[in-house]
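The values are calculated or read from the model by the stated rules, or taken from the named source; none is laboratory data. Because the structure is predicted, anything quoted here is derived from the model rather than measured.
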Amino acid sequence: MSFSGKPTTIVEQAIENDGFWPNLSVAEFQKGYRLPAEFLGDLLTDALAIAMFEVNTDLAAVKAVLQDSGVSDLVSVTDIATPTGWAYAHKAMLYKRAVYCRAKASALQQFPTVTRRESAENTGKEAPEREDTFLAFSQQAVRALQGRGRITAKLL
């Protein structure tokens, strides 16, 4: 239930990915990232699909390196019983974090258009820094998958 008193309707929908990166779940996104109940399933599905495409584009070089090393499908090589399998499982978790945080940042931008009743205002959902925070989380996960640190410095 959200602050507005509306029950959250969990959307049981999978979003098929490119065959290499893991498929995504709208329900997992809703539960793991506590999205406002006011968001309709279509808004969440669109936000996830767009974020997935953007992250896939950002990680094209990472995907190529993994495929060159013999990994055809990241999910099929994840296994928490072995160190190598755990490393791949960690990559899959980082990938989902990158997509889900980017999708939440996008969805939060739209919150003011979903409800405008004074009693429904909630700065935790609407504050501009929320979007920046989740975009930063997404970018940190992308950089980790790329083997880069949180910051990069160049000598000019």
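Would you mind stating whether residue 64 is at pLDDT 95 or above, farther than 23 Å from residue 137 by Cα and of a type in the set (Gly, Ala, Ser)?
In short, yes.
Answer yes if at least one residue in region 27-39 is within 14 Å of the chain's Cα centre (by Cα) and modelled with pLDDT under 85, and no otherwise.
The answer is yes; a qualifying residue exists.
Of all residues in region 97-133, how many are modelled with pLDDT of 70 or more and not hydroxyl-bearing (Ser, Thr, Tyr)?
12
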